[in-house]
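A short write-up of the structure that comes next.
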Amino acid sequence: MAFLLSIQHTPKMTLQPFAVLNRPQKMRVPYELKQGQSRILHQLPSGLNMEVIVQKSSVKEKNPDEKKAPPLVFVHGSYHAAWCWAEHWLPFFSNSGFDCYALSLLGQGESDAPSGTVAGSLQTHAGDVADFIQRNLDLAPVLLGHSFGGLIIQYYIANMRNEPHSDMETLYPKLRGAVLVCSVPPSGNRGLVWRYLISKPVAAFKVTRSLAAKAFQTSLSLCRETFFSAIMEDNLVLRYQELMKESSRMPLFDLRKLNASLPVPKMTNCSTEILVLGAKDDFIVDAKGLREIGSFYDVSPICIEGVAHDMMLDCSWDKGANVIQSWLNGLSR
């Protein structure tokens, strides 16, 4: 069940079958939705609400018999929330004919926080994504995940089953495809950390200070170096820095337990089409990590020049979006 929380800049209010109007409330994260976007709260089986920013396709159907494009479901990583997709990629893909849904994982953005010290595990986060898909979408979606969001999607894929009507099918609905954007590899971030310690000790110190000690929240230069291109203007880095500060009320995972549960199991005979994207200027996921993901799914990863870890927010955000759009168009035919 989902509740419509607010609609911004929408000329006509249309309630979807799964949504009911709710009273406006003060937002935890000061992000103003763009034209055509709405915010709903999806109620999970636990009773907790998960924020979803929605932007439906702005392209009118010319031929009713034409195969409809799959919906896109976006999953963020640490220190982010649904807003990171709403900034550029939701408008881009809705204008390309796709219904878009950006989720805020529990404890992030406007989503409720569970009891305890961390937001969840790979299993619980993937289960929340699956619950939203199962209860709200009629067509098999394409899942897009960034950073640790990509690892959650890898867990989701590992728990799908190809056999029709299997017990797991209702738990993890089938996907039309998946896109892993600057994703943590299936073995986790331990290998990344050790490689940095050996080959780039200064970078390793900076990454640890930035993410583990949350120094990116107070240092403009470190925030830029961690997430964005060197040419990004100060005012944009400051804006995103403020949004990231407010986005995460608790860690996504207990990293010690997470690392003990990895690597992600490999799904045999995986029929899900997967696109693996990396960024040439990524300060967090290195080239070897990108190759590990490609090898795991037996696909050739694409590394995009001139963008950093936060590909969907960076100065050249359209580079990754265009690559994904081309891949999606191949799926839709």
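The values are calculated or read from the model by the stated rules, or taken from the named source; none is laboratory data. Source: prediction; values computed, not measured. Cβ: placed from backbone, ideal geometry, glycine included. Neighbour counts: every protein chain shown.
Of the candidates E273, E305, E292, the single residue that is out of contact with any strand residue (DSSP E or B) (no Cβ under 9 Å at 6 or more places or on another chain) and of a type in the set (D, E) is E292. Checked across segment 209-216, the condition of being within 25 Å of I324 (Cβ to Cβ), within 21 Å of the chain's Cα centre (by Cα) and not in a strand (DSSP E or B) holds for no residue.
Testing N322 on (1) in contact (Cβ under 8 Å) with a residue 60 or more places away in the chain; (2) closer than 21 Å to G177 by Cα, one condition comes back false. Which one is that? Condition (1) is where N322 drops out. Condition check for P201 on (1) surrounded by fewer than 22 Cβ atoms within 10 Å (Cβ to Cβ); (2) closer than 24 Å to Q37 by Cα: one failure, at (2).
Within segment 287-333, take every residue that is modelled with pLDDT under 95 and among the polar types (S, T, N, Q) and give me the one that is nearest to L238 (Cα to Cα). Result: N329. Evaluation of L144 against the conditions (1) without any contact (Cβ under 8 Å) to a residue 40 or more places away in the chain; (2) within 20 Å of K319 (Cβ to Cβ) shows that the sole unmet condition is (1). Filtering segment 41-61 to residues that are among the β-branched types (V, I, T) and crowded, with 24+ Cβ neighbours inside 10 Å leaves V52, I53, V54. Among the numbered conditions (1) of a type in the set (S, T, Y); (2) out of contact with any Lys or Arg (no Cβ under 8 Å at 6 or more places or on another chain); (3) surrounded by 16 or more Cβ atoms within 10 Å (Cβ to Cβ); (4) within 30 Å of P114 (Cα to Cα), the only one that T226 does not meet is (2). When L243, L180 are checked against the criterion of being assigned to a strand (DSSP E or B), modelled with pLDDT of 95 or more and crowded, with 20+ Cβ neighbours inside 10 Å, L180 stands alone in meeting it. The numbered conditions (1) surrounded by 17 or more Cβ atoms within 10 Å (Cβ to Cβ); (2) under 20 Å from V207 (Cα atoms) are all true for I274 except (2).
When the criteria are applied in full, I157 fails the requirement of being touching a helix residue (DSSP H, G or I) at 6+ places or on another chain (Cβ under 6 Å) and closer than 21 Å to P301 by Cβ.
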